[in-house]
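The values are calculated or read from the model by the stated rules, or taken from the named source; none is laboratory data. All figures in this text were calculated on a predicted structure; none of them were measured in a lab. Cβ atoms come from the backbone with ideal geometry, glycine included; neighbour counts cover every protein chain shown.
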Amino acid sequence: MRKKLLATFITLALLTVGVSGAYAQTLTVGMKGEPTSLDPHFHNVQANNMQAIWLFDKLIRQDSRQRLEPGLAVSWEPVSENVWEFKLREGVTFHDGSPFTAEDVKFTIERIPNVPNSPSSFAAMVSAVTKIEIVDPHTIRFHTDAPAPLLPRNFAAFNIVSKKYGEGASTSDFNSGKAAIGTGPYKLVEWKRGDSLVFARNDNYWGEKQPWDTIVVKPISNDGTRVAALKAGDVDLIDFVPPADVKHLEADAKLRLVKCPSTRLIYLHLDSNRDETPMVTDNAGNVIKNPMKDVRVRKAISKAINRDAIVARIMEGLAVPAAQMVPDGYEGTSTTLKPEAFDPKGAKALLAEAGYPDGFKITIHGPNDRYVNDADIAQAVAQMLSKVGIKTEVNTMPKSVYFSRASALEFSLMLMGWATDTGEQSNCVASLLHTYDEEKGFGASNRGRYSNPEVDRLLEEALVTVDPAKHNELIIKSTELGLNDVGIVPIHYQVNVWGMKKGLNYNGRTDSYTLPREISEVK
């Protein structure tokens with residue numbers, strides 16, 4: 001009976017798409033990325049994190065520019081050097097009507113480090129917590145071994161789940177909908193992998209009134225197909241409009257585009273750890289010692305990349321050359337780091353100095369359906385490296401395959417993307433540059449296994465430094481050290497573009513998310 005009701009609901013929801021004046025009823029969105037899971041703690045990746053916000057809620061939310069604002073917590077403050085107290089919102093219920101309490105928060109934070117087979121964990125966000133004290137159903141305290149000034153920012157990175165439904169639940173239980181019972185603005189109706197996700201408005205939501213009764217998400221990874229769906233009226237809004245389509249879509253009187261700078265960094269991760277790395281040989285095809293362990297080789301790779309050309313030709317101007325992990329002006333960013341100048345002669349000189357005057361062979365791996373023009377960027381980088389003597393082949397694949405293989409350390413040179421969860425740079429250093437430490441949650445996305453004890457020390461000192469100026473000074477030093485040592489190779493920050501039918505408005509977000517609460521009709 002339940003399946004029949006769900007099927008009837010979905011049919012009625014889909015029938016409303018395209019009906020005159022139906023925007024306030026059903027919104028159909030074409031998304032470049034499909035979540036790998038609806039378990040909000042399984043995989044710290046943009047598509048998953050965005051979709052989780054529809055179903056669940058965070059203790060601390062972020063506005064469209066990633067500034068902190070109350071969520072399930074209405075206030076938070078340190079009550080002693082090593083204790084933070086959070087006051088929780090009263091009157092909030094889960095989708096099934098059960099009350100939200102401090103027990104759910106405690107359960108969530110204890111669950112996060114223990115999600116099996118997580119390819120990119122949220123554990124670093126809760127690693128400072130040593131004890132959780134429930135004062136009353138709507139007051140909770142977090143004890144730490146040392147001061148934890150970034151605890152509120154870290155807590156803005158993950159969603160709260162129900163203890164009632166999450167206890168004993170597997171990731172597959174969330175994917176089926178069995179455990180996907182949140183406090184969020186929408187309820188899951190159905191997920192057909194590769195085809196659609198259907199959401200129904202939660203009319204008992206504690207927050208702002210949601211403008212859409214039903215939302216149908218169509219995952220359309222192919223850029224051309226996604227644009228065609230918008231032009232044909234099959235979807236109302238799309239994310240990640242490809243740069244090559246911007247001009248002709250702007251000229252279409254039936255459509256409108258919105259552009260927004262983002263914190264999405266496109267970068268290279270290099271295997272700088274292993275003595276032998278699987279995708280590197282000499283020019284005759286013989287296995288050699290891993291050249292990327294030498295900082296001069298890593299520096300040569302960075303110098304070989306013409307960032308301005310990538311921005312201008314591949315990204316059609318919808319990107320900004322990157323020098324660090326977060327754009328200038330965000331908390332913890334360096335004023336001295338500048339994008340590496342394109343210098344092929346300098347790259348060749350460094351390779352010769354490192355003992356590779358004739359270069360070597362390597363394969364760059366990347367996704368072909370995750371980031372804007374990702375496969376084209378990988379091809380461009382390969383051509384640039386080949387011109388300085390690093391003969392580079394390209395192997396791109398669907399993200400569903402790519403990220404699991406990258407996390408299994410199968411690759412040597414990887415095209416990656418990263419957007420800060422917390423709106424500042426320590427989050428990036430902790431995940432991308434800190435030595436991999438599964439127990440503490442550091443280096444969760446450090447797929448090159450870069451390791452520098454001084455980078456680690458400076459970051460860890462920053463994480464227990466309460467004084468904001470001193471904290472930022474330590475983060476900047478850690479960042480400068482890691483990037484001058486070429487722990488990763490920054491390429492550019494994306495400028496994101498959303499396309500939509502006339503009559504809709506969306507201002508965009510720096511975290512690249514598409515959130516229903518911010519999509520409205522233009523009266």
- Considering only segment 496-520, state which residues are closer than 14 Å to VAL258 by Cα, surrounded by fewer than 21 Cβ atoms within 10 Å (Cβ to Cβ) and in contact with a Gly (Cβ under 8 Å, 6 or more places away or on another chain). LYS501
- Within segment 335-359, considering residues that are over 15 Å from SER386 (Cβ atoms) and crowded, with 19+ Cβ neighbours inside 10 Å, the one nearest to the chain's Cα centre (by Cα): GLU340
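Going through ASN204, ASN290, ASN273 one at a time, which residue ends up being closer than 30 Å to LEU88 by Cα and either out of contact with any Cys (no Cβ under 9 Å at 6 or more places or on another chain) or of a type in the set (Phe, Trp, Tyr) (or both)?
Values: ASN290 fails: closer than 30 Å to LEU88 by Cα; ASN273 fails: closer than 30 Å to LEU88 by Cα.
Result of the check over ASN204, ASN290, ASN273: ASN204.
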- Note on the structure: Within segment 234-244, of all residues that are over 20 Å from the mean Cα position of the chain (by Cα) and at pLDDT below 95, the one surrounded by the most Cβ atoms within 10 Å (Cβ to Cβ) is PRO243
- Task: Have a look at VAL297, VAL280, VAL311 and point out the one that is assigned by TED's automatic domain parsing to the domain that holds ASN446, over 24 Å from ASP376 (Cβ atoms) and of a type in the set (A, V, I, L, M).
- Result: VAL297
- Query: Does segment 345-355 contain any residue that is among the hydrophobic types (A, V, I, L, M, F, W, C), part of a loop (DSSP other than H, G, I, E, B), modelled with pLDDT of 95 or more and out of contact with any helix residue (DSSP H, G or I) (no Cβ under 6 Å at 6 or more places or on another chain)?
  - Reply: no
- Can you tell me which residue in segment 407-443 is surrounded by the fewest Cβ atoms within 10 Å (Cβ to Cβ), limited to those that are touching a His at 6+ places or on another chain (Cβ under 8 Å) and assigned to a strand (DSSP E or B)? PHE442
- Query: Would a scan of segment 307-318 turn up a residue that is buried (at least 18 other Cβ atoms within 10 Å of the Cβ), within 24 Å of GLY355 (Cα to Cα) and not acidic (Asp, Glu)?
  - Reply: no
- Query: Among (1) under 30 Å from LEU350 (Cα atoms); (2) at pLDDT below 95, where does HIS492 come up short?
  - Reply: (2)
- Note on the structure: Considering segment 207-228, residues that are buried (at least 18 other Cβ atoms within 10 Å of the Cβ) and assigned to a helix (DSSP H, G or I), and then whichever is modelled with the lowest pLDDT, we arrive at ASP223
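Among the candidates TYR450, TYR402, which residue alone is of a type outside the set (A, V, I, L, M, F, W, C), in contact (Cβ under 8 Å) with a residue 60 or more places away in the chain and buried (at least 24 other Cβ atoms within 10 Å of the Cβ)? Quick ask: steps written out before the conclusion?
Working: TYR402 fails: in contact (Cβ under 8 Å) with a residue 60 or more places away in the chain.
From the options TYR450, TYR402, the qualifying one is TYR450.
Report the residue count in segment 361-382 for those that are assigned to a strand (DSSP E or B) and surrounded by fewer than 20 Cβ atoms within 10 Å (Cβ to Cβ). Before you say what the answer is, go through the steps one by one.
From segment 361-382, those assigned to a strand (DSSP E or B) are 361-367; that's our starting set.
Remaining after also requiring surrounded by fewer than 20 Cβ atoms within 10 Å (Cβ to Cβ): 361, 363.
Residues meeting the conditions: 2.
Within segment 189-206, take every residue that is in contact with a strand residue (DSSP E or B) (Cβ under 7 Å, 6 or more places away or on another chain) and in a loop (DSSP other than H, G, I, E, B) and give me the one that is surrounded by the most Cβ atoms within 10 Å (Cβ to Cβ).
Looking at residues that are in contact with a strand residue (DSSP E or B) (Cβ under 7 Å, 6 or more places away or on another chain) and in a loop (DSSP other than H, G, I, E, B), I get ASN202.
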- Please state which one of ARG264, ARG274, ARG296 is among the basic types (Lys, Arg) and part of a strand (DSSP E or B). ARG264
- Task: Would you mind stating whether LYS231 is touching a residue at least 24 places away in the same chain (Cβ under 8 Å), buried (at least 21 other Cβ atoms within 10 Å of the Cβ) and either part of a helix (DSSP H, G or I) or not aliphatic (A, V, I, L, M) (or both)?
- Result: no
- Message: When the residues of segment 277-293 are narrowed to those that are touching a residue at least 12 places away in the same chain (Cβ under 8 Å) and assigned to a strand (DSSP E or B), which ends up surrounded by the fewest Cβ atoms within 10 Å (Cβ to Cβ)?
- Response: THR281
- Message: Restricting to segment 480-514, name every residue that is part of a loop (DSSP other than H, G, I, E, B) and within 16 Å of the chain's Cα centre (by Cα).
- Response: GLY508, ARG509, THR510, ASP511, SER512, TYR513, THR514
- Test set (1) at pLDDT 95 or above; (2) surrounded by fewer than 21 Cβ atoms within 10 Å (Cβ to Cβ) - PRO261 fails condition number: (1)
- Note on the structure: Residue pairs qualifying under the 6 Å Cβ cut-off, at least six apart or on distinct chains, with the first in segment 94-105 being under 15 Å from LYS58 (Cβ atoms) and of a type in the set (Gly, Ala, Ser) and the second being in a loop (DSSP other than H, G, I, E, B) and modelled with pLDDT under 95, are none
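Conditions (1) surrounded by fewer than 16 Cβ atoms within 10 Å (Cβ to Cβ); (2) more than 24 Å from GLU69 (Cα to Cα); (3) not hydroxyl-bearing (Ser, Thr, Tyr), marked per residue:
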| position | (1), (2), (3) |
| --- | --- |
| TRP84 | no, no, yes |
| SER98 | yes, yes, no |
| THR108 | no, no, no |
| SER118 | no, yes, no |
